[in-house]
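Heads up: the structure comes next, in structure tokens.
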């Protein structure tokens with residue numbers, strides 16, 4: 001990996017304001033920032049509590065974890081170009097050997113995609129298993145749950161997860177409610193069941209991030225969520241499904257239950273991430289979406305958009321840096 005700059009002064013370029021997120025012209029001593037190459041984001045279960053985090057590669061090439069804490073003020077400067085996030089093996093994460101620059105919408109280069117031992121499992125549709133022999137054996141012996149997850153007031157998806165991490169999976173996705181509708185042995189059988197549910201009900205197995213973001217200020221009550229899930233099961237008439245599954249309310253994990261209004265988008269999907277700034281107080285994290293309050297306005301950003309970029313966690317807000325930088329010109 002390219003190491004972070006060791007120059008004493010880092011230039012911050014002036015950009016127009018974007019939804020209240022500004023950059024100013026100034027100078028920052030490099031000792032005042034933590035530099036990281038973002039490789040992953042997710043949630044972790046710690047003694048019954050769930051914590052969102054960013055995984056990053058430090059300037060020495062090692063992987064570290066940064067928890068995302070509610071109430072904390074952040075001053076994140078994002079720079080490019082986007083570079084490969086590496087790959088995973090049973091032994092853990094490995095950095096990209098070529099530090100490859102990525103094309104748009106990639107999170108890893110082709111070489112690392114081929115090396116990643118979990119890619120076949122992520123792409124699995126229940127047909128031919130392409131995983132290695134050890135992972136095939138592990139998968140066949142693992143109990144899986146087929147579930148329905150609800151988002152906002154009208155979004156529903158079907159999915160699959162191992163029973164041991166199904167609650168964590170719902171939280172990772174930012175669901176409002178989750179329910180296990182079938183339990184099966186083996187990942188292939190679980191995927192086949194998922195496909196049957198999706199085909200018979202026309203329910204998707206994926207929800208785009210823009211739909212999740214637009215539903216943040218909407219939420220069904222428990223009775224309405226139960227009614228939707230039971231209607232799906234009744235429509236299926238499928239013997240494998242639980243007829244009255246337990247419905248789990250997930251709102252307690254995100255730092256908020258309802259929002260007074262729809263939050264503003266931090267950066268539009270077609271906007272460049274390079275030299276952008278995410279600045280403010282963390283008010284909540286729902287799945288991969290972070291809510292940040294800045295000057296009484298609430299902004300939403302998808303943390304997965306940071307993957308592959310370099311992030312400098314500044315110790316001071318951009319306005320302070322700008323004022324300090326002006327002293328160099330007086």
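The values are calculated or read from the model by the stated rules, or taken from the named source; none is laboratory data. This is a predicted model, so every value here is computed, not measured. Every residue, glycine among them, receives a Cβ derived from its backbone with ideal geometry; neighbour counts consider all protein chains shown.
Checking residue 217 against (1) touching a residue at least 24 places away in the same chain (Cβ under 8 Å); (2) under 24 Å from residue 126 (Cα atoms), which test does it fail?
(2)
Looking at 291, 250, which one is in contact with a helix residue (DSSP H, G or I) (Cβ under 9 Å, 6 or more places away or on another chain) and at pLDDT 95 or above?
On inspection, the qualifying residue turns out to be 250.
Please name all residue pairs, on different chains or six or more residues apart, with Cβ atoms under 6 Å, provided the first residue is in the stretch 115-138 and is under 20 Å from residue 95 (Cα atoms) and the second residue is surrounded by 15 or more Cβ atoms within 10 Å (Cβ to Cβ) and at pLDDT 85 or above.
115/87; 116/87; 116/88; 118/88
For the stretch 239-255, indicate whether the set of residues that are under 30 Å from residue 79 (Cβ atoms) and either touching a residue at least 12 places away in the same chain (Cβ under 8 Å) or not assigned by TED's automatic domain parsing to the domain that holds residue 176 (or both) is non-empty.
yes
Look at the stretch 170-202 and say how many of its residues are within 28 Å of residue 136 (Cα to Cα) and either outside any helix (DSSP H, G or I) or without any contact (Cβ under 8 Å) to a residue 12 or more places away in the chain (or both).
Adding up the residues that qualify gives 10.
If a residue has to be over 30 Å from residue 305 (Cα atoms) and touching a strand residue (DSSP E or B) at 6+ places or on another chain (Cβ under 9 Å) to count, how many in the stretch 210-223 make the cut?
Of the residues in the stretch 210-223, 1 are over 30 Å from residue 305 (Cα atoms) and touching a strand residue (DSSP E or B) at 6+ places or on another chain (Cβ under 9 Å).
Considering only the stretch 304-315, I want to know if a residue exists there that is touching a helix residue (DSSP H, G or I) at 6+ places or on another chain (Cβ under 8 Å), closer than 28 Å to residue 87 by Cβ, at pLDDT 90 or above and surrounded by fewer than 20 Cβ atoms within 10 Å (Cβ to Cβ).
Within the stretch 304-315, one or more residues are touching a helix residue (DSSP H, G or I) at 6+ places or on another chain (Cβ under 8 Å), closer than 28 Å to residue 87 by Cβ, at pLDDT 90 or above and surrounded by fewer than 20 Cβ atoms within 10 Å (Cβ to Cβ).
Which condition breaks for residue 164 when tested against (1) farther than 30 Å from residue 255 by Cβ; (2) surrounded by fewer than 19 Cβ atoms within 10 Å (Cβ to Cβ); (3) in the same structural domain as residue 239 (by TED's automatic domain parsing)?
(1)
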